[in-house]
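Structure, as structure tokens:
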Amino acid sequence: MGRACDPLANATKAERRAWSKKNQAKAMRAWSSTNVRYLLAHGRIQDANAILGVPHAIEGKVVHGEERGRTIGFPTAQSRLGNTGIHSCGRRLCRWLVDGDNRWPAAISIGTKPTFSEKTGLHERVVEAYAITGDWLDLYGHNVRVEFVGFLRPQVKFDGPDQLVAELKRNVEETKRLTA
């Protein structure tokens, strides 16, 4: 039996770069920040979290949005999108931290609002979190932390509010199941 060895031990920078591109997101690249960004961008939240040792998270201040979520039964806390490390749009699930003390399971959307983009503009990117709790949460002006623990689905444009609400109900049930 031979001993395990580092395949890049004597490689040049160019050889390392070529090897990295060829082997992107494989287990042997686990400790690469490039690999973590790749995994996050492709919805592989759990794999990225395993590398990081903690859930990937973002922080931001809750701001007023159009309050459309309230009208369809899913009031969300909205924050302007900073650097999330997650470049693809879509629904994710997470635990949501407020002031470091309280946590709630939450269904999260990162990206634009394609179903309602005629008013908001297709290019405005936001983070919206629907905290799964029986209580009303007034979080305007609070700094919150969103920890990502999984991926639910990519972002989709629905034909209208009814289809969106039906999908959001499924997303909430899946989030409850996965965060139980």
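Tabulated results
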{"item": "Helices (runs of 4 or more DSSP H) fully within region 28-119 counting 3 or more residues that are modelled with pLDDT of 85 or more and touching a Gly at 6+ places or on another chain (Cβ under 9 Å)", "result": "33-41, 45-52"}
{"item": "Number of the exception - residue 148 against (1) of a type outside the set (S, T, N, Q); (2) more than 22 Å from residue 55 (Cα to Cα); (3) at pLDDT 85 or above", "result": "(2)"}
{"item": "Cβ pairs under 7 Å, 6+ apart, first in region 24-45 and of a type outside the set (Val, Ile, Thr), second at pLDDT 85 or above and open to solvent by 50 Å² or more (accessible area, probe 1.4 Å)", "result": "24/38; 25/38; 39/47; 43/151"}
{"item": "Residue 175 vs. criteria within 25 Å of residue 46 (Cα to Cα), out of contact with any Ser or Thr (no Cβ under 9 Å at 6 or more places or on another chain), part of a helix (DSSP H, G or I) and modelled with pLDDT of 80 or more", "result": "yes"}
{"item": "Region 122-154, subset of a type in the set (Lys, Arg) and either open to solvent by 60 Å² or more (accessible area, probe 1.4 Å) or without any contact (Cβ under 8 Å) to a residue 40 or more places away in the chain (or both), residue farthest from residue 61 (Cα to Cα)", "result": "125"}
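This table checks each residue for (1) in contact with a His (Cβ under 6 Å, 6 or more places away or on another chain); (2) among the hydrophobic types (A, V, I, L, M, F, W, C); (3) exposed (fewer than 14 other Cβ atoms within 10 Å of the Cβ); (4) closer than 29 Å to residue 163 by Cα.
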residue: 38; (1), (2), (3), (4): no, no, no, no
residue: 43; (1), (2), (3), (4): no, no, no, yes
residue: 47; (1), (2), (3), (4): no, no, no, no
residue: 50; (1), (2), (3), (4): no, yes, yes, no
residue: 55; (1), (2), (3), (4): no, no, no, no
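The values are calculated or read from the model by the stated rules, or taken from the named source; none is laboratory data. Everything numeric in this text was worked out from a predicted model, so none of it was measured. Glycine also receives a Cβ, built like all others from the backbone with ideal geometry; neighbour counts cover every protein chain displayed. Keep in mind that these areas ignore ligands, DNA and RNA; they rest on the heavy atoms of the full protein, side chains included. Shrake-Rupley method; radii C 1.70, N 1.55, O 1.52, S 1.80 Å.
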